[in-house]
Structures are given as structure tokens and as C-alpha cells.
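Quick one: this structure, given as C-alpha cells, is what I'll be asking you about.
Where a number appears in this text, it was derived from the coordinates with a stated rule and is not lab data. Not measured: the values here are computed from a predicted model. Because the Cβ atoms are built from the backbone with ideal geometry, glycine has one as well, and the counts that use them run over all protein chains shown.
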Amino acid sequence: QKYRSHIFAYFGRLLRQVRLVDLLTLEERFESVLSEEATADVAWIDLLVSGKPRNLPATPEVWIAVEVSATIDCHDVERVYRRAALLERLGVPVVPAVAGEKVALNAHAHDQLHKSVFVLKNGHVEGWESALDLAISRASHRKS
């Protein structure tokens, strides 16, 4: 709830025109590209945020898929990465993120985290640029 109610404070420094995406407004788009099982999985995402990257003004809108947990663990990283990949099927670059107070990851999850998922730990951002670059790259490959 804290991330939802303070969306600009957490994500405004990363995105311009930051806003919360209501998953209910995407129901028809989900049904057109996702299976019933995939739609049910995506529906459990904690937060979906949209906006234009501040450091890449020519980049179109991106979404940030966020899993929130007091202690970020391997399961949070795997879940958000899987759900972001499903959301990308809607044709929008999706940057996976985990948010929490502590990080408790094994070496494999830690590597995956720093390559493709960014962290909001107590409001501090880690790995945004690399996760954004990867999301944009995946989206451009989907289009070609």
C-alpha cells in the first residue's frame, strides 16, 4: 500500500508522467494474448506502474512490474520476472522490479536480479538502468 500511495515519490525520479496502471482496464488485452492461466498469474502482480523513462526521453512508455515483500527473496525475483515476461506480450516494454526492506538471495537469484530486475530497497534504487535497457531490448526484438 505504501508504494501505491506514494507512487510519485518512489517512481517519479525514474519515469515522467508516472501513473498506476489498473489491471482491470487491461482485461480484454490479457484475454486476447494470454491464456487463462497466464492471466490469473499476472493478476497477482503487486503493482504496475507506467511512464516514460527520464534518462531516455525519446523512449516510449514503459511499465514497471513490481513485487513487494518485506524481505526480497528468490521467489519474488522469479515471480516478477515471469509476470513481466507475460505482460510484455501486450507489446509494451516491461521492467521487472522487487521492492522491500531487506534482500535475502542466493547467488543465482542475485545474478539474475542484477541483470534483469531492479531493486527498490528502503526507497533506494539499484539496477534501474540495466533492467530498463534489457526491457527495451527485449521489446525491440519482439517487434522485429
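What's the extension gain from R4 to C74 if we count 0.36 nm per residue and subtract their Cα-Cα distance?
Contour length minus the Cα-Cα distance gives 22.9 nm.
Please give the charge dipole size of region 1-132, origin at the Cα centre, charges +1 on K and R Cβ atoms and -1 on D and E Cβ atoms. Round to the nearest 20 debye.
640
Report which label in (1) 15.5, 43; (2) 14.1, 39; (3) 17.1, 53 holds the value of Rg and Dmax of the Cα atoms in Å derived from the coordinates of this structure.
Of the labelled values, this structure produces (2).
Is any residue of region 63-105 close enough, with backbone N under 19 Å, to a label point placed 7 angstrom from the Cα of E31 along the Cα-Cβ axis, and if so, which?
Zone members listed by number: 87, 89-91.
Counting pairs of Cα atoms in region 1-77, how many percent are more than 21 Å apart?
Counting pairs separated by more than 21 Å, the tail of P(r) holds 37 percent.
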